[in-house]
Amino acid sequence: MARTPFVAGNWKMNTAKASAVELAKGIAKGAPSPNDVHVGVAPPFVYLDAVGQALAGSNILLGAQDVYSEASGAFTGEVSVDQLKDLGVKFVLTGHSERRHVLNETPELIGKKAFAAYRQGLIVVHCVGEKLEERDSHQTLDVVRKQLGELGGTLDDATRLVIAYEPVWAIGTGRNASDAQAQEVHAFIRHELSKQFNATFADHVRIQYGGSMKPENARGLLGQPDVDGGLIGGASLKSDSFLAIANAAIGNR
Ligand code: PGA
């Protein structure tokens, strides 16, 4: 099954308005063809509009780092799916480890967010991954299985569900999973998706690797049969390194 890889930049709480626009323009200018790899960026909420305008006319997908599960109303500080769509947002991250472990989002809320975004037409990039102590105590696959279960088996359009495997111990630490460690968990995720949904569906879903992916290790990771792209933090903040990773995803398997 030939899945078009998807490489997305998660800018987290970085950039200012001018640098966000400049970064977006640099990425749009050098981006490879969407026939070869889908490329997306998720800037901070406050710069979505400006970045969206900077990306106009390009094939770069605009993404949001978070979303709220309710459609509108008294939810101070939150942002709805419709508000994101209004700005041209195409994909949204759910279950990122920083939202799970720093902002203390519950599995229940994460599931509601994923469902709301999916139901209203967005691509959901659902992030899963174990903490170091969970890996050390051989709980990795159990943790990942539970986090996949947050989707409740209801997101059944494989073009709009992406799973990002991001071991927490690899995020922002400079210490990436080995090629074999990533492939083992990615294959497990695909197997779990085939159980929760069906085999054809599982075969079509893109599974990104995230956690200290950079130009130096991208080829090896992206060369694994079940690694279909990357979710990139630190290395997405410079257009050169981000585009090098996007290019490494092309024709690499
Ligand atoms: P990193 O972040 O590439 O800086 O490790 C990845 C992520 O959190 O999505």
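The values are calculated or read from the model by the stated rules, or taken from the named source; none is laboratory data. Treat the numbers as computed from the prediction; the structure is a model and nothing was measured. So basically every Cβ, Gly included, is an ideal-geometry build from the backbone, and we count neighbours across all protein chains shown. Note: accessible area is taken over every heavy atom of the protein model, side chains too, but ligands, DNA and RNA are not part of it. Shrake-Rupley method; radii C 1.70, N 1.55, O 1.52, S 1.80 Å.
So which residues in the stretch 145-184 are part of a helix (DSSP H, G or I), of a type in the set (A, V, I, L, M) and farther than 15 Å from residue 130 by Cα, if there are any at all? The answer is 180, and nothing else. Within the set 232, 245, 163, the sole residue that is touching a His at 6+ places or on another chain (Cβ under 6 Å) and either within 15 Å of the ligand (Cβ to nearest atom) or polar (S, T, N, Q) (or both) turns out to be 163. With respect to the conditions (1) in contact with a helix residue (DSSP H, G or I) (Cβ under 8 Å, 6 or more places away or on another chain); (2) surrounded by 13 or more Cβ atoms within 10 Å (Cβ to Cβ), residue 125 lacks only one, and its number is (1).
Of all residues in the stretch 198-212, those satisfying the criterion of being open to solvent by 10 Å² or more (accessible area, probe 1.4 Å) and either closer than 26 Å to residue 61 by Cα or near the ligand (Cβ under 9 Å from one of its atoms) (or both) are 200, 201, 203, 204, 206, 212. Which residues, taken from the stretch 1-42, are closer than 13 Å to residue 63 by Cβ, assigned to a loop (DSSP other than H, G, I, E, B) and either in contact with a strand residue (DSSP E or B) (Cβ under 8 Å, 6 or more places away or on another chain) or open to solvent by 50 Å² or more (accessible area, probe 1.4 Å) (or both)? Passing the criteria: only 11. Being crowded, with 22+ Cβ neighbours inside 10 Å and under 17 Å from residue 11 (Cα atoms) is the filter; apply it to the stretch 92-122 and report the residue that is farthest from the chain's Cα centre (by Cα). Per the stated criteria, the residue is 97.
Can residue 58 be described as more than 14 Å from the ligand (Cβ to nearest atom), open to solvent by 10 Å² or more (accessible area, probe 1.4 Å) and small (Gly, Ala, Ser)?
On the way: more than 14 Å from the ligand (Cβ to nearest atom): yes; open to solvent by 10 Å² or more (accessible area, probe 1.4 Å): yes; small (Gly, Ala, Ser): yes.
Taking the combined requirement at face value, the residue satisfies it.
In the set (1) within 16 Å of the ligand (Cβ to nearest atom); (2) under 21 Å from residue 92 (Cα atoms); (3) open to solvent by 40 Å² or more (accessible area, probe 1.4 Å), the condition left unmet by residue 216 is number (2).
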